[in-house]
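First the structure, in the form of structure tokens, and then the observations on it.
Read-outs throughout are calculated quantities, based only on the coordinates presented, and are distinct from any laboratory measurement. Since the model is a prediction, treat every value here as computed from it, not as a measurement. FYI the Cβ positions are ideal-geometry reconstructions off the backbone, even for glycines, and counts take in every protein chain you see.
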């Protein structure tokens, strides 16, 4: 039996600033994890990744990653790497945690 | 100190101008990321977890106050007011914006610095003993040779596209402070049968996923033959090194798979022909470089006040005991400034601290500073009479931590707080260990201890050669830390042995406490270091302390 699909979001780094960004439902980029559009099938995820990669003048290194999803449908980072990317380093109050 | 000649200056400036054009082309869309990536890496610019990262070379770890002040200026102007000194004697800026990087490189070029050879599959910037030209045990200053290798390797047309990166380190002293046998080529300056100075050349050392201790390929190489011999090794590697698998592409794998004797035979066969192609023997080239490294004019200062201060001030005494070592000049000392404050990030310095270190170096250390692979900063030439003033100035800047060589003097790579390759964090682990053992007030009781932490298998944190090595991994979505024991990065280089299953972040420090407690119980006396006790007793008592439940099960 096929494993159930784990919802995914698309993330990348901003070309100019280098910081972590997320693809939104409108096909734009947000600096906030919760704004990311959630793919619920592999086809959707592949399609979103193609949309992201079509913007090489804006982003670097797009990839999709498994995400947790709140009851109301809001994505939350699951793996600790994505938690750190969405927060910033743990030794200084810098990065996203400071920009919020 | 080596100062750039017109050729060096023009070369660095032209590289900055080229890169400025490349950034513009990337920003206007005429270069894709795939095209741009190798170009930015050739200029030390990485894309990390949260931002770009610029890695700046500090060749053989030597710099003066002007350079250090410029590093501070760059940190403040284009970054977040600090820099991270690395295990490769580099400094890394963690938050530059792409559009600013050409300006940062220009600012570096203003003081004869650059980010060339800090990335990519080239010969990387040569590293060396941070006590060079100051150490009492030294045969000869290794830095002229390091500089010669820099001139030879920079932009060498044959070695721009090696199978993989290539690291060379050199030490001029029998006590190896540059971990030379963990490098692709490791060089020790040695004396020949007639007392003349030459080189012992090792090849195929490395850490990372397949760690190897370098093997001696030539026991004594005359100075005159240095560059042709190195070029012979490079040609053999460039031709035969594997390009089919990134993880098997380093020369250590070639040496391991082919065998040292075979590699040696190939190198020696090439060597006479390559030597013919060099127009100047290497010792002649060295003679032209050596005046740049002339020792400073040491001055005798009376020691009366110093001895009185030492007797009166216990903090100074503690600092001198841990952070100060013998200089070749009897009235001088070598001071290590610890960048490992209790609970701090190993290797980080603020712009303000960089300026303080620059000021102190200018006033008290013949304007010289060094960066060590252990992520500390060295004042190589301090008159003993000036030690009280140096210590006071360091303390005022939060740089007076007296812990060099002790359990809180930890090497840690940036780990998953910054690095895109990391599988777990390193920095918080180092912070926790240093905070905990400071609370226990056991640091001086424990004595000599090198803890080295890597946040992935690439081993930038040298965990294989830590007395206690810690490797951070991702185990089923959770950070997990493996412990290796008995590693040694000195001239007696040994790879540590994995102790057993890994620990969660929460379990790790308690496990280390048990380990240290066991050492304190089993050591012969206070003189026997952890490493010595480990070598005498083997892994068993330490393993039992790390895994008490297993020990119980076996009983």
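Using a/c under 1.5 as the rounded threshold, could you call the stretch B:278-345 rounded, prolate or oblate? The axes a ≥ b ≥ c are square roots of the C-alpha gyration tensor eigenvalues, and prolate needs a/b larger than b/c, oblate otherwise. In terms of gyration-tensor shape, oblate.
Please tell me the relative contact order of the stretch B:414-554 in percent, rounded to the nearest whole number, where contacts are Cα pairs under 8 Å and at least six residues apart.
Working: 245 pairs, mean separation 24.5, N = 141.
Relative CO of the stretch B:414-554 lands at 17 percent.
Entry for the stretch B:74-223 at q = 0.08, 0.13, 0.20 Å⁻¹: log10 I(q)/I(0) = -0.27, -0.68, -1.29, Debye formula applied to identical alpha-carbon scatterers, no solvent contribution.
Once Rh for the stretch B:414-554 is found with the Kirkwood sum over Cα pairs, what is the Stokes-Einstein diffusion coefficient at 37 °C and 0.692 mPa s, in µm²/s? The Stokes-Einstein estimate is 216 µm²/s.
Averaged over peptide A:85-98, how many Cβ atoms belonging to another chain are found within 10 Å of each residue's Cβ? All intermediate terms of the calculation are to be shown ahead of the outcome.
Numbers: counts 4, 1, 1, 5, 14, 8, 16, 8, 0, 8, 8, 1, 0, 1.
Average neighbour count from other chains, rounded to a whole number: 5.
Taking every alpha-carbon pair in the stretch B:435-481 and binning the separations at 5 Å intervals from zero gives 5, 22, 18, 19, 18, 12, 5, 1 percent. Largest first, the three principal axis extents of the alpha carbons in chain A are 45, 31, 22 Å in whole numbers. Working from Cα positions, state the angle (0 to 90°, nearest 10) between the long axis of helix A:42-53 and the longest principal axis of chain A. That helix lies at roughly 40 degrees to the long axis. Start at zero, step by 10 Å, and the Cα-Cα distances of the stretch B:1-66 spread as 17, 42, 30, 12, 0 percent across the bins. Taken over the alpha carbons of the stretch B:219-299 as equal point scatterers, the Debye sum produces base-10 log I(q)/I(0) values at 0.15, 0.23, 0.26 Å⁻¹ of -0.66, -1.04, -1.18. Contact order, relative form, for the stretch B:131-190: 35 percent (alpha carbon pairs under 8 Å, 6 or more residues apart, mean separation divided by residue count). Against the empirical curve 2.2 N^0.38 Å, the C-alpha radius of gyration of the protein assembly as shown lands at a ratio of 0.98. Between residue A:99 and residue B:312, what is the label-to-label distance in nm when each label sits 7 Å out along the Cα-to-Cβ direction? Here the modelled spin labels are 5.4 nm apart. Looking at the stretch B:6-109, what % of the alpha carbon pairs are farther apart than 17 Å? So the pairs more than 17 Å apart make up 53 percent of the total in the stretch B:6-109.
Kirkwood hydrodynamic radius of the stretch B:304-396 from all distinct Cα pairs, in Å?
Working: mean 1/r = 0.0743 Å⁻¹.
Evaluated over the stretch B:304-396, this radius sits at 13.5 Å.
Counting only other chain Cβ atoms within 10 Å of each residue's Cβ, the peptide A:8-15 averages 3.
The coefficient of translational diffusion for chain B, derived via Stokes-Einstein from the alpha carbon Kirkwood radius under 10 °C and 1.306 mPa s, stands at 65 µm²/s. Counting, for every residue in B:45-53, the Cβ atoms of other protein chains within 10 Å of its Cβ and taking the mean gives 6. Measuring r between the beta carbons of residue B:262 and residue B:210 and using R0 = 25 Å, the FRET efficiency lands at 0.85. With a cut-off of 20 Å on the backbone N, the residues of the stretch B:132-171 near the modelled label site 7 Å out from residue B:298 along Cα-Cβ are B:132-144. Taking every Cα-Cα distance in the stretch B:134-293 and sorting them into 10 Å bins from zero, the calculated P(r) comes out as 10, 41, 37, 11, 1 percent. Summary value for chain B: 12 percent relative contact order, contacts being C-alpha pairs under 8 angstrom separated by 6+ residues.
Extension gain for residue B:35-residue B:156 works out to 41.4 nm (0.36 nm per residue, less the C-alpha to C-alpha distance). Both radii are taken from the alpha-carbon atoms of the stretch A:1-55; with Rh as the Kirkwood radius, Rg/Rh is 1.02. In the protein assembly as shown, the DSSP beta bridges split such that about 85 percent are antiparallel, to the nearest 5.
Restricting to bridges with both residues inside the stretch B:134-293, how much of the DSSP beta-bridge set is antiparallel, in percent to the nearest 5? Don't skip to the answer; put the middle values down first.
Numbers: 13 of 17 bridges.
DSSP beta bridges in the stretch B:134-293 are roughly 75 percent antiparallel.
Calculated mean residue ellipticity at 222 nm for chain B: -12000 deg cm²/dmol, from DSSP H runs with n ≥ 4 weighted as -39500 (n - 2.57), summed, divided by the residue count and rounded to 500.
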